[in-house]
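For reference, the structure discussed in these notes is given below.
The values are calculated or read from the model by the stated rules, or taken from the named source; none is laboratory data. All of these numbers come straight from a predicted model, not from anything done at the bench. Here the Cβ is made from the backbone with ideal geometry for all residues, glycine too, and neighbour counts use every protein chain on show.
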Amino acid sequence: MPRLPWHMRAHSHPFHELVVVIKGCQRVKMDGVVREGGVGDVLLYPAGMAHEEWADEQGVFESFFMAFEADLPRAIPLPLHDHGGRIRMLVEWLREDMRLMGGDGASAEVLRGLVSAIVAQLARMPSTAEPELVERVRRHIREHVAEPLTLDGLAHVAGLSKFYFLRRYAGLAGRAPMADVRLIRVERARELVLSTSLPLKEIAVRAGLGDVYHMTRLFRHHLDRTPGQLRRMVR
């Protein structure tokens, strides 16, 4: 967390730089345009792009940042809103893996996979907060994550017919609603695995994943490791 007031004169890097604003507000000037990033916003500085950064003296400022090399799929508008915290989550996973695995060559593939996931998420993110419909449905999923959730039920929350809801949600969010259900449940389970000593069986139930077998399959698919492996990494 930098001391305020904080200011970095115009500079550039041979790599891409990603900043996720956690607290406060950060401003950046690129190509003569000043942009402002608030809590939950993502700022991306492409390699070679000169940028000047600063944060005001008032309040508190905190951010995550990472440097990486990758092919960016397109010009990405700024700022991006990290709605749901997916970029922050991926950056935290990356930092955690780098800390725990250190120089282990076997971890290089995992780290590259996380960077690829971050780039893919950037390509899907809108330049403003996601539409209210998506936010409303995701909020409902998080509040009822341990309960049965169906496409019909989510369509009812959205106030739309099932088939129109499915098409509309996928167009706005970039994925089907039930795919979001799985991702949100996996993230809830991951949080419980890392922050509690609850048995995996109970975590699976609390996260709405049914049983340990199903939870383990989803962890392998989304996180490239089992719940037990993840828990052992932080002990």
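From the list V157, V193, V186, which residue is β-branched (V, I, T), without any contact (Cβ under 8 Å) to a residue 40 or more places away in the chain, farther than 13 Å from A207 by Cβ and touching a helix residue (DSSP H, G or I) at 6+ places or on another chain (Cβ under 6 Å)? Working first, answer last.
On the way: V193 fails: farther than 13 Å from A207 by Cβ; V186 fails: farther than 13 Å from A207 by Cβ.
So the residue among V157, V193, V186 that is β-branched (V, I, T), without any contact (Cβ under 8 Å) to a residue 40 or more places away in the chain, farther than 13 Å from A207 by Cβ and touching a helix residue (DSSP H, G or I) at 6+ places or on another chain (Cβ under 6 Å) is V157.
How many residues are more than 15 Å from the chain's Cα centre (by Cα), at pLDDT 70 or above and of a type in the set (V, I, T) if we restrict to segment 89-145?
4
Restricting attention to segment 201-216, report how many residues are surrounded by fewer than 20 Cβ atoms within 10 Å (Cβ to Cβ) and either β-branched (V, I, T) or more than 18 Å from R138 (Cα to Cα) (or both). I'd like the intermediate steps shown before the answer.
Looking only at segment 201-216, we keep the residues that are surrounded by fewer than 20 Cβ atoms within 10 Å (Cβ to Cβ), and these are 201-202, 205-206, 210-214, 216.
Restricting the remaining residues to those that are either β-branched (V, I, T) or more than 18 Å from R138 (Cα to Cα) (or both) gives 201-202, 205, 210-214, 216.
Adding up the residues that qualify gives 9.
Give the residue, chosen from V157, V181, that is surrounded by 14 or more Cβ atoms within 10 Å (Cβ to Cβ) and more than 27 Å from S116 (Cβ to Cβ). Spell out how you get there, then give the answer.
Working: V181 fails: more than 27 Å from S116 (Cβ to Cβ).
None of the other options fit; the residue is V157.
Based on what the data block shows, is F219 part of a helix (DSSP H, G or I), modelled with pLDDT under 95 and loosely packed, with under 15 Cβ neighbours inside 10 Å? Walk me through it before giving the result.
On the way: part of a helix (DSSP H, G or I): yes; modelled with pLDDT under 95: yes; loosely packed, with under 15 Cβ neighbours inside 10 Å: no.
So F219 fails the test.
Does any residue in segment 223-235 that is more than 16 Å from P199 (Cα to Cα) come within less than 7 Å, Cβ to Cβ, of a residue that is at pLDDT below 85 and surrounded by 17 or more Cβ atoms within 10 Å (Cβ to Cβ) six or more places away or on a different chain, and which pairs are these?
Filtered contacts from segment 223-235: L223/L230; D224/V110.
Give me the pairs: first residue in segment 13-27 and assigned by TED's automatic domain parsing to the domain that holds A55, second residue of a type in the set (S, T, Y), beta-carbon distance under 7 Å, and six or more apart or on different chains, which are they?
Between residues of segment 13-27 that are assigned by TED's automatic domain parsing to the domain that holds A55 and residues that are of a type in the set (S, T, Y), the close pairs are H16/Y45; E17/Y45; V19/S63; V20/S63; V21/S63; I22/S63; Q26/S63.
With the structure loaded, tell me whether M233 is under 23 Å from the mean Cα position of the chain (by Cα) and under 22 Å from E92 (Cα atoms) or whether it fails that test.
Working: under 23 Å from the mean Cα position of the chain (by Cα): yes; under 22 Å from E92 (Cα atoms): yes.
For M233, the condition - under 23 Å from the mean Cα position of the chain (by Cα) and under 22 Å from E92 (Cα atoms) - is met.
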